[in-house]
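Here's the structure, in structure tokens; my notes come after.
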Amino acid sequence: MAAANLLPEEISRNMSFFQPQLLQPKSLSPKSLSLKYRPDIDGLRAIAVLSVVSFHAFPGWIRGGFIGVDIFFVISGYLIHTIILQNIDNGTFSFFDFYARRIKRIFPALILILITSYVLGWFILLSDEYKQLGKHIAAGAGFVANFELLNETGYFDNSADTKPLLHLWSLGIEEQFYIISPFLLWLSRNRLFHILLISTLVCTSFYLNINEIGKNAIATFYFPQTRFWELLCGSFLAWLNLYKHGVLSSIKTRMGAALGAPAMKKILACDEKALANILSFAGLFLLLYGFRRIDKQLSFPGEWAIIPVLGAMLIISAGPGAWLNRIALSHRLMVWFGLISFPLYLWHWPLLFFAGIAGGESQYVNFRVGAVVASIALAWLTYELVERPVRFGRHGKAKTFVLVALMVVLGCVGYGTYVNDGFGFRQAAMLKGFDGDVGHLEYHKYIAEHYHVCTPTALAEEALRWDRFIRCMQSKPGSDVDLAIIGDSHAESLFLGVADALPAKNIAFYIKNAPPFLSHPEFQNIFKYVLDSGSIKQVILTMFWHGRLGQVPEGSSLEKELSMVIDALTGSGKKVYLTDDFPDFPFKADECKGSRRISRKEQHCAVSLETELKNYQLYIDILKKLSIGRQNVKLLETWKYFCNDVACSMVNGNKILYRDNNHLNINGSLYAGRKLVDDNAAVFQ
């Protein structure tokens, strides 16, 4: 992502507003740093960064925009290894100078983005989100973000949207590459050994990429050894261009002839411009094909990565004289975007992340467009006011040491934030105005403090096997239970409200992490106790209906299993109340809180009614069928408490009602349970 930008003063003076002047570093002699500036490569860099930004901002516009990172890898390998190989060949290579240049190139903008993300996160993110951000800041500062992200989730997973520093994975791979490759090239010294080494590493890395993609696509995406071949392809091209220009010309001629019509072969042999034009347009075609054909559903990188890598190589090898390179890619606007590409890449994803929190679904387009515009403006300011002053001019060594010290401090701050659980004291102030918790721990702690362990003791002991919480409680002590709620954790969610609304009755819940079927071994003891109990006159039967459909025993059906339960319960003199389920949202409660911040409308706290009806309709007809025509069986509705004619929301008034995406919190349980009893007062008398 951070290939060197070297623009001689005589070229930069001819650039106007859209191409700011770049100063040649005064601390480096021409002998130790030699690379002829090519504006077309900055134009190619612009294509790469704009494709990535477009993909992240509006994924539907350019499905394969993420391959811009692969283009960056090739450019970086080509430019930086051209410098390394030349300086090794001239005997002027210095490890200190090389890494000092990398530090002054990478650290200024990266430090600025890490600090900005940390400050914004302090005021916006919840404690678990901020804890994760601290960990990612530490990983980003140490250039190991790819390894850390590998342990969490895939780049294309939905949860990736909760990580403002997700994009630093590519920077980690690139810097890991430049920790290793200069040493290997310096040790080999000889030009022949250089190309043998580069070729061997390309083949090895590419083999690992192809071999591992089918086994673990996420690891292949993030592991350096499966991505190094992309940078090494740029290195290979640099070596050919420096030392075997004749061989490179021969390869280009053969490729051009293969890409052109047979009649073009003789023309291509003597017309280098025609050859260059064919190669550059062929490279552009490959990139456009990749943007259109490659998407996140494919196993990437794998063999698909050949498309952007080869496309970038063809465009670079075509040279600055090709029409596409000379006219389109060297256009001053394209060059300008290329010059700010590194800070633009760093800025765009954090701003899109925080814009997503601020904007919500209703303002999705406006806030994302604003984030992209702000990213471009901040990238230009970063380039002009931070990058250039730090990279060039006097006091080079002092700048290097200061930058390293700042990065170490940032890494320590990030790690400290992680080990201190995101400084949870911020959350209380940040969420002032919200009434209630969203956590599982608080919910179960509340039940344990306010209610009693169920009887008999055998059921209570059995309930402890699920997890550290007792999943069998009752509102009053003693064995005479009046109403039993049976099901899974969604049945438990009704307990608080029902118990609160019926203070004269002893309400108990008996739940398992399974569907409440007579045929299920986990429920056999529960049903035996309930069926034999003389005090239990009423039973509420509910569960995570659409989520449990896949757990119906083979050869059976939901209707059949519930019929057996209902017949057994009514046969023993119980009244059975089936309840539907409350909505299941595609986001978690803390995301709702994190984006809503109480002063805004319920933007990220609701889904359309049409969306939720898809889940509801999977089971509701079965429940209606079972409740119609059966004596002592009634269907009670809870779903309607969360939905209106337009949408379903996990917020009511000033209260969030959920603790994740499908479990009610304390407020939600009290709200739904009380409403259920109030609306069916005659039933529960």
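Please treat every number below as a calculation from the coordinates, not as lab data. Quantities reported herein were computed from a predicted structural model and do not represent experimental measurements. Counting neighbours? That spans all protein chains shown, and the Cβs are built from the backbone with ideal geometry, glycine included.
Between Gln551 and Val386, what's the calculated FRET efficiency when r is the beta-carbon distance and R0 is 60 Å? Round to 0.05.
0.60
Pull out the extension gain between Asp679 and Arg394, defined as 0.36 nm times the separation in residues minus the alpha carbon to alpha carbon distance; nm, one decimal.
Here the segment from Asp679 to Arg394 would lengthen by 94.8 nm.
Using the Karplus curve 6.51 cos²θ - 1.76 cosθ + 1.60 with θ = phi - 60°, what ³J(HN,Hα) values do you get for each residue of segment 58-75, in whole Hz, with x for Gly and Pro?
Working through the residues one at a time gives 9, x, x, 6, 9, 4, x, x, 5, 6, x, 4, 5, 5, 4, 4, 5, 4 Hz.
I need the calculated FRET efficiency for the pair Trp323 and Leu187, taking r as the beta carbon distance and R₀ as 25 Å, to the nearest 0.05.
With R0 = 25 Å, the Cβ-Cβ based efficiency is 0.05.
Fewest Cβ neighbours within 10 Å first, please rank Phe98, Phe193 accordingly.
Going from sparsest to densest Cβ surroundings: Phe193, Phe98.
So if I restrict to the alpha-carbon atoms in segment 533-685, what is the Rg, and what is Dmax, the biggest pairwise distance, in Å?
Considering segment 533-685 through its Cα atoms, Rg and Dmax are 17.0, 53 Å.
Report the relative contact order of segment 183-237, percent, no decimals, based on alpha-carbon pairs under 8 angstrom and at least 6 residues apart.
Taking the mean separation of contacting Cα pairs over the length of segment 183-237, I get 39 percent.
For segment 191-231, report the % of Cα-Cα distances exceeding 15 Å.
The answer is 39 percent, as a whole percent.
If we count other beta carbons within 10 Å of each Cβ, what is the order of Ser557, Ser280, Ser669, Ser317, fewest first?
Exposure proxy ranking, most exposed first: Ser557, Ser317, Ser669, Ser280.
Given R₀ = 51 Å, what would the calculated FRET efficiency be for Trp122 paired with Phe95, taking r from the Cβ atoms and rounding to 0.05?
Between Trp122 and Phe95 the formula returns 0.85.
Pulled fully out, how much extra length does the chain show between Asn151 and Ala568, if you take 0.36 nm times their separation in residues and subtract their Cα-Cα distance?
Using 0.36 nm per residue and subtracting the Cα-Cα distance, I get 145.3 nm.
Arranged by the count of other C-beta atoms within 10 angstrom, fewest first, what order do Phe517, Phe183, Phe527 take?
Least crowded to most crowded, the residues run Phe183, Phe527, Phe517.
Report the full-extension gain for the segment Val419 to Asn661: residue separation times 0.36 nm, less the Cα-Cα distance, to one decimal in nm.
Gain in length upon complete extension: 84.5 nm.
Report, to two decimal places, the Cα Rg of segment 488-578 normalised by 2.2 N^0.38 Å (N = number of residues).
Dividing the Cα radius of gyration by 2.2 N^0.38 Å gives 1.08.
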